[in-house]
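The structure appears right after this line, and notes come after that.
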Amino acid sequence: MKGTRTDEDMTFVDAVVVGAGQAGLSSAYHLRRLGMEPGRDFVVLDHSPAPGGAWQFRWPTLTYGRVHGMHALPGMELTGADPARPSAEVVGGYFAAYERAFDLAVRRPVDVTAVRDAPEDGPGRLRVETGSGTWSTRAVISATGTWDRPFWPRVPGQETFRGRQLHTSRYPGPDSDVFTGKRVVVVGGGTSAVQHLLEIGPVAAATTWVTRRPPVFREGPFGEYEGRAAVASVEERVRVGLPPRSVVSVTGLPLSEAVRDARASGLLERLPMFARVTPDGVEWADGRTAAADTLLWATGFRPVIAHLAPLRLREPGGGVRLDGTRAVRDPRVHLVGYGPSASTIGANRAGRAAARDVRRLLDAAPAPDGGTDVRGLATATTA
């Protein structure tokens with residue numbers, strides 16, 4: 001590893017981490033542990049305005065005590081957090097302290113627009129293009145998550161609706177005038193939809209919950225065995241190049257006391273997906289209707305990977321096929337926080353695996369032309 005050098009408007013490094021959420025920070029931490037110096041041997045580029053990843057954009061009523069499945073970053077526990085504080089503040093502060101503690105030198109805000117093969121920069125190199133300069137690198141860890149790509153299902157008549165439509169990514173909290181005293185239809189079968197209903201129910205004039213599939217509520221403990229089985233189900237899709245499903249689609253919805261009470265009161269009485277949106281609400285195929293002032297689409301997110309499009313990593317099935325975290329079509333590229341690693345604990349493990357593979361690539365014997373021969377690395381075994 002030769003460290004950073006700059007030629008005109010291009011900076012040369014050994015690795016670029018795109019994103020500074022849980023997956024990106026975990027990757028950076030493990031690169032550092034493997035002897036790579038932040039800001040010299042590798043750089044972390046983050047488009048968000050402040051530390052915290054997607055957590056900084058969570059709605060204000062999602063307090064830290066209500067967060068489900070938050071795991072600490074490697075090497076530094078999150079202790080003494082007030083459960084009544086907004087999770088955006090708690091996790092944002094924790095991530096900021098983490099970046100300082102390990103001197104990760106995250107550059108922000110930097111929007112990565114494209115990653116391209118760039119043999120003209122040197123054998124085996126990639127070019128990372130951004131709105132704030134260009135980096136030439138030998139490896140990329142893409143840790144961009146899903147928050148910036150909310151999924152809006154297309155339903156006939158959406159454009160005719162006279163009320164308000166918003167996605168959970170812009171959920172303002174239950175006190176907003178889009179919910180108070182309004183008739184609200186919540187679409188989606190995940191934990192966010194349930195949390196929104198629990199908050200909106202007491203202030204709305206009426207709520208209607210709609211999902212494509214009947215929700216499955218999970219009773220009892222959710223241990224390591226159940227967790228591994230759920231992740232394996234998502235991982236299988238990624239292994240064959242299909243778009244990943246969310247882990248919650250496999251695990252089911254946790255049945256807390258609040259959820260039990262809401263089910264008993266009828267708040268969580270679910271209806272199947274409607275056939276169309278009308279100017280004043282929604283309508284099912286059998287003619288049933290529900291009046292609505294607000295449609296809240298809690299319909300999840302899709303992976304943010306458009307910046308990798310020039311590398312043509314997608315398979316015919318629509319996803320990126322991975323071997324561990326490594327893209328099968330280009331072993332210089334790793335995806336963390338994607339598919340089976342799109343959870344906080346999964347992101348930690350994926351960051352470690354990606355960092356080890358990147359270090360292995362960088363330490364590989366030089367190819368005859370002076371570059372790194374990456375052709376055999378696609379079948380290497382992750383340590």
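Among the residues making up the stretch 197-208, those that are assigned to a strand (DSSP E or B) and more than 19 Å from residue 300 (Cα to Cα) are 206, 207.
Within the stretch 301-346, the set of residues being part of a loop (DSSP other than H, G, I, E, B), on the phi > 0 side of the Ramachandran plot and touching a residue at least 60 places away in the same chain (Cβ under 8 Å) comprises 318, 337. When restricted to residues that are closer than 12 Å to residue 90 by Cα and in contact with a Leu (Cβ under 6 Å, 6 or more places away or on another chain), the stretch 41-68 contains 0.
Restricting attention to the stretch 131-147, the residues being farther than 15 Å from residue 304 by Cα, among the small types (Gly, Ala, Ser) and part of a strand (DSSP E or B) number 3. Residue-level check: of (1) over 29 Å from residue 21 (Cα atoms); (2) part of a helix (DSSP H, G or I); (3) at pLDDT 95 or above; (4) not acidic (Asp, Glu), residue 287 misses just (2). Taken together, 264, 290 contain a single residue that is farther than 30 Å from residue 54 by Cα and free of Cβ contacts under 8 Å to residues at least 40 places away in the same chain, which is 264.
A quick yes/no check of all residues on (1) in contact with a Leu (Cβ under 8 Å, 6 or more places away or on another chain); (2) at pLDDT 95 or above; (3) among the aliphatic types (A, V, I, L, M):
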| residue | (1), (2), (3) |
| --- | --- |
| 110 | yes, yes, yes |
| 115 | yes, yes, yes |
| 118 | yes, yes, yes |
| 125 | no, yes, no |
| 130 | yes, yes, no |
| 136 | yes, yes, no |
| 140 | yes, yes, yes |
| 145 | no, no, no |
| 148 | no, no, no |
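When the stretch 328-352 is filtered for residues that are touching a Ser or Thr at 6+ places or on another chain (Cβ under 9 Å) and aliphatic (A, V, I, L, M), the ones remaining, listed by number, are 333, 335, 336, 342, 347, 350.
Here is the figure for the stretch 173-196: residues that are under 26 Å from the mean Cα position of the chain (by Cα), part of a loop (DSSP other than H, G, I, E, B) and at pLDDT 95 or above total 1.
Just one of the numbered conditions (1) closer than 30 Å to residue 349 by Cα; (2) surrounded by fewer than 19 Cβ atoms within 10 Å (Cβ to Cβ); (3) at pLDDT 90 or above is not true of residue 236: (3). Within 19 Å of the chain's Cα centre (by Cα), of a type in the set (Gly, Ala, Ser) and within 30 Å of residue 279 (Cβ to Cβ), is that true of residue 142? Taking the combined requirement at face value, the residue does not satisfy it. Residues of the stretch 239-265 that are at pLDDT below 80 and in a loop (DSSP other than H, G, I, E, B): 240, 241, 242, 243, 244, 245, 246, 247, 252. If only residues of the stretch 34-84 that are more than 21 Å from the chain's Cα centre (by Cα) and among the hydrophobic types (A, V, I, L, M, F, W, C) are counted, the one that is nearest to residue 145 (Cα to Cα) is 42.
Annotation: of all residues in the stretch 303-324 being among the basic types (Lys, Arg) and surrounded by 15 or more Cβ atoms within 10 Å (Cβ to Cβ), the one that is modelled with the highest pLDDT is 314.
The values are calculated or read from the model by the stated rules, or taken from the named source; none is laboratory data. The model shown is predicted, which means the values in this text are computed figures rather than measured ones. Neighbour counts run over all protein chains shown; Cβ positions are idealised from the backbone, glycine included.
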